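What follows is a short report on a single structure.
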C-alpha cells in the first residue's frame, strides 16, 4: 500500500499569501478550482487519483506558484 | 527519437525543467542531463522584478517544484559553448564533450544592451536573474536617491511598481508614447494613470542623451532636456535569444532557433526547442514562425517539445497553444491571451477587456484586472481560433531495447 492511499489520496492547498486570483488554475483544471464572481478562489481539497494530473497542471501553471499538490500517485 | 539513452537539456529555466519532467512522466528511463549557466536550480523568474527586488522572498523560496521524480544530472553554473549536430555533441567549457541521443534547446534570452550605457558600473543592471535582483538591492541600499528604469514594457512597469511598494522614488524612462503602448491605447492610458496614482515618475517619448556618473549618483540627461538623478539604473528594454553557442551548429538562427510547427529544430533530426528561444509557426494563427516570450509558453512548450522528442520527428504533433500571459502592477492584474501583437485594430469587448483584431478576426485579448472575464474570453478565443485537428496521443518512451517504462515500475 502506498503512502497516498493511507492519507486518502491527493490533496490540494493554496497559499493565500501568494495567490493573486488570476484564475489560471480554473482554466487548467475546471471543477477543481473556481474563481467566484466575488473574486474568491474556491477549490477542492481532496481530489481523485484521476484528477491528480490536472491538479499538477494547475500547480505548474500557477503564475504565483501558490498551489501545493500532495500525495500524487506514481 | 527511437533509440539511445541520453537526453541533454541545454537551459535550466522553467522550459528545461518542464521538458525534463515530461520526459520522465512519459517513461523515459535513460540519462537526463540539464545544463544551466546560473548557479541554482530552476526558479520562478517572474519573481525577479517583484518579490526578489522588494525582498518579500528569497531565491530559495522561488525554487520551482517538480511533480515527478526527475533523477537528472545537473550541470549548473555551466554554459554550453557549442553544438555539433552532425556528431550529436554539446561542447562545454574546458573541452568537455557531452554526447546526446536527443537534445532540448531551452537557453532562453539575454537582456538587450542599451548602447552607450555604462554596464561596467555596478549601479547599472539588467533584470533577468536572482543575482541581478540582489545587485539592484545592493545599489538601492547604498543610496536613498531615486531608482530609474529604462523601458516601458512589462518588466519596466513591474520594477517601477516594486520601487513604489518599497517606498522608493522611481522614474520610468521610455521612448514610446506611454508605458505598455503595444497593448493598445486603452491599456496604455490605464497604466499611465496607475503609475501617476502611485507617484511613479514617467518620462515618456524620450531617451537618454548623456550618462553623467558621479561617486554618489547617476545623472541621466534625457533627449527632452530633463535631468534625472538616480541611485541605480535598471535596463529593461527587451531581450535577444541566447543563441551564440549555436553558431555553426547547422541549426537555422534567425531571431531565435527556427523550428517546424512541432518544435523540432530545422536542420537536425534529434533537436527540439522550447521556451523564449524557439521560433516556430503556431498553426492556430498562421504559418509565420514567431517567438513567444511568456512564462506560460515556456511551461507548455517545454512539455510539448519533450513529447515530440520522444515521439520522433515523423510522429510529432504541431504545438498550437493559445498564448497566455499575466503581470501584476500595484494592485492591478493584467492578463493577455492570444497574440495581441498581430492586431491591426483594437475593440472594447467588455468592461476592462480589450480585443485585438486582425482582418476582422479576434486574435487576442487583454484584461485590466478582470480575471473572471478573461476566463470567459480565453474559452471564447479558443473556440474562435481552434487548434488545427491533430493526431495521436504522446508516445511513451520505448528505449533502445524497448525496456519497460520507468513510470510503470512499482
### Task
Report the residue count in the range B:284-303 for those that are within 11 Å of chain A (Cβ to nearest Cβ) and outside any helix (DSSP H, G or I).
1
### Message
Being touching a strand residue (DSSP E or B) at 6+ places or on another chain (Cβ under 7 Å), surrounded by 15 or more Cβ atoms within 10 Å (Cβ to Cβ) and within 14 Å of chain A (Cβ to nearest Cβ): is that true of residue B:59 here?
### Response
yes
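Each row is one residue, and each column tells you yes or no for (1) within 14 Å of another protein chain (Cβ to nearest Cβ); (2) in a loop (DSSP other than H, G, I, E, B).
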position: B:35; (1), (2): no, no
position: B:39; (1), (2): no, yes
position: B:47; (1), (2): yes, no
position: B:67; (1), (2): yes, yes
position: B:74; (1), (2): no, no
position: B:78; (1), (2): no, yes
position: B:87; (1), (2): no, yes
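For the condition modelled with pLDDT of 95 or more, crowded, with 18+ Cβ neighbours inside 10 Å and within 30 Å of residue B:103 (Cβ to Cβ), what is the one hit in B:256, B:248?
Values: B:248 fails: crowded, with 18+ Cβ neighbours inside 10 Å.
Selected residue: B:256, the only one of B:256, B:248 that is modelled with pLDDT of 95 or more, crowded, with 18+ Cβ neighbours inside 10 Å and within 30 Å of residue B:103 (Cβ to Cβ).
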### Query
Does the range B:13-26 include one or more residues that are more than 14 Å from chain A (Cβ to nearest Cβ), surrounded by fewer than 23 Cβ atoms within 10 Å (Cβ to Cβ) and under 18 Å from residue B:301 (Cα atoms)?
no
### Summary
Inside the range A:16-67, the number of residues satisfying the requirement of being within 10 Å of chain B (Cβ to nearest Cβ), touching a helix residue (DSSP H, G or I) at 6+ places or on another chain (Cβ under 7 Å) and part of a strand (DSSP E or B) is 3
### Query
Just to be sure, is residue B:24 assigned to a loop (DSSP other than H, G, I, E, B) and either outside the structural domain of residue B:162 (by TED's automatic domain parsing) or over 14 Å from residue A:65 (Cβ atoms) (or both)?
no
## Note on the structure
The condition of being farther than 26 Å from residue B:359 by Cβ and modelled with pLDDT under 95 holds, among B:302, B:314, B:275, only for B:314
### Query
Taking the range B:79-113 on its own, how many of its residues are surrounded by fewer than 20 Cβ atoms within 10 Å (Cβ to Cβ) and under 18 Å from residue B:237 (Cβ atoms)?
4
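When the residues of the range B:317-333 are narrowed to those that are in a loop (DSSP other than H, G, I, E, B) and under 20 Å from residue B:192 (Cβ atoms), which ends up modelled with the highest pLDDT?
Step one: list which residues in the range B:317-333 are in a loop (DSSP other than H, G, I, E, B), which gives B:317-323, B:330-331.
From what's left, under 20 Å from residue B:192 (Cβ atoms): B:330-331.
Details: B:330: 96, B:331: 92.
Out of the qualifying residues, it is B:330.
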### Residues of the range B:141-179 that turn out to be without any contact (Cβ under 8 Å) to a residue 40 or more places away in the chain and either in contact with a helix residue (DSSP H, G or I) (Cβ under 6 Å, 6 or more places away or on another chain) or not in a helix (DSSP H, G or I) (or both), as a count
11
### Summary
Exception for residue B:331 within (1) surrounded by 17 or more Cβ atoms within 10 Å (Cβ to Cβ); (2) within 14 Å of chain A (Cβ to nearest Cβ); (3) within 28 Å of residue B:237 (Cα to Cα) falls at (1)
### Task
Just need a number here: residues in the range A:3-46 that are at positive phi and either modelled with pLDDT of 95 or more or crowded, with 21+ Cβ neighbours inside 10 Å (or both).
3
### Message
Of all residues being in a loop (DSSP other than H, G, I, E, B) and under 16 Å from residue B:239 (Cβ atoms) in the range B:121-140, which is nearest to the chain's Cα centre (by Cα)? Just the residue, please.
### Response
B:128
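The values are calculated or read from the model by the stated rules, or taken from the named source; none is laboratory data. Everything numeric here is computed off the predicted structure, so don't read it as measured data. Note: ideal-geometry Cβ built from the backbone for every residue, glycine included; neighbour counts use all protein chains shown.
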